[in-house]
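The values are calculated or read from the model by the stated rules, or taken from the named source; none is laboratory data. Note that the structure is a prediction, hence the values are computed from the model and not measured. Heads up, the Cβs are rebuilt from the backbone with ideal geometry, glycines too, and the neighbour counts pull from every protein chain shown. Note: areas computed on protein heavy atoms with side chains; ligands, DNA, RNA excluded. Shrake-Rupley method; radii C 1.70, N 1.55, O 1.52, S 1.80 Å.
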Amino acid sequence: MSKKDQEFKAEVEELEDLVAGENAEATESAEVSDELSELEKVTAEKAALEDQYLRAQAEIANITKRNRSEREILQKYRSQDLAKKLLSSIDNLERALATEVTDDQGASLKKGVEMVLESLLNALKEEGIEEIPAAKGTAYDPNVHHGVQTVPASEELHADTIVEVFQKGYKLHDRVLRPAMVIVAQ
């Protein structure tokens with residue numbers, strides 16, 4: 001072989017080595033790229049799982065808070081149904097006390113009814129149940145009073161004031177159990 005052929009062959013071998021090196025680098029680069037994309041996928045999946053975990057924790061905290069709040073409300077208004085049932089009995093006892101008695105036996109009976117009414121009202125008060133204020137001349141509040149009749153206003157009776165109370169109203173804390181039934185000046 002001639003010197004030119006040998007040089008040519010040497011150059012071809014160098015080029016083949018160079019191409020083989022570039023192919024190896026390209027293969028390594030593709031492998032690194034595949035590893036990086038796999039790492040990015042795993043990182044994204046990890047971030048998604050952390051987000052789900054944090055959302056689940058927040059949801060559990062909200063459920064716990066809502067449950068505690070509902071229990072407190074149930075505890076606060078637990079005596080509502082019983083109080084509503086007792087209100088008519090209280091009305092009847094008050095009507096019994098409004099009757100006039102003339103003999104000692106009637107007075108004694110009236111005193112016993114008065115004691116029963118007083119103990120019932122004290123028990124209701126201990127549970128947070130109180131009478132809604134509704135006296136003659138006080139302002140009419142449609143949130144706690146039920147106007148069953150109106151009369152014309154005058155100098156003595158200003159507009160939107162209570163003239164007479166037909167039936168007492170009661171509330172439990174901030175909740176109206178029964179509005180006071182009143183006559184209102186208009």
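Things to note:
- When the criteria are applied in full, residue 16 fails the requirement of being among the acidic types (Asp, Glu) and at pLDDT 75 or above.
- Residue in the stretch 56-69 that is at pLDDT 90 or above, among the aliphatic types (A, V, I, L, M) and in contact with a strand residue (DSSP E or B) (Cβ under 8 Å, 6 or more places away or on another chain) present: no
- In this entry, residue 76 passes the filter for residues that are modelled with pLDDT under 90, open to solvent by less than 100 Å² (accessible area, probe 1.4 Å) and farther than 28 Å from residue 184 by Cα.
- Residue in the stretch 94-115 that is modelled with pLDDT of 90 or more, open to solvent by 70 Å² or more (accessible area, probe 1.4 Å) and in a strand (DSSP E or B) present: no
- Index of the failed condition, residue 149 passing every other in (1) touching a strand residue (DSSP E or B) at 6+ places or on another chain (Cβ under 6 Å); (2) surrounded by 14 or more Cβ atoms within 10 Å (Cβ to Cβ): (2)
- Counting only residues that are acidic (Asp, Glu), within 21 Å of residue 96 (Cβ to Cβ) and in a helix (DSSP H, G or I), the stretch 116-152 holds 1 of them.
- The lone criterion from (1) open to solvent by 40 Å² or more (accessible area, probe 1.4 Å); (2) in contact with a Lys or Arg (Cβ under 8 Å, 6 or more places away or on another chain); (3) β-branched (Val, Ile, Thr) left unmet by residue 132 is number (1).
- Residue within the stretch 158-168 that is within 28 Å of residue 74 (Cα to Cα) and either open to solvent by 40 Å² or more (accessible area, probe 1.4 Å) or in contact (Cβ under 8 Å) with a residue 24 or more places away in the chain (or both) present: yes
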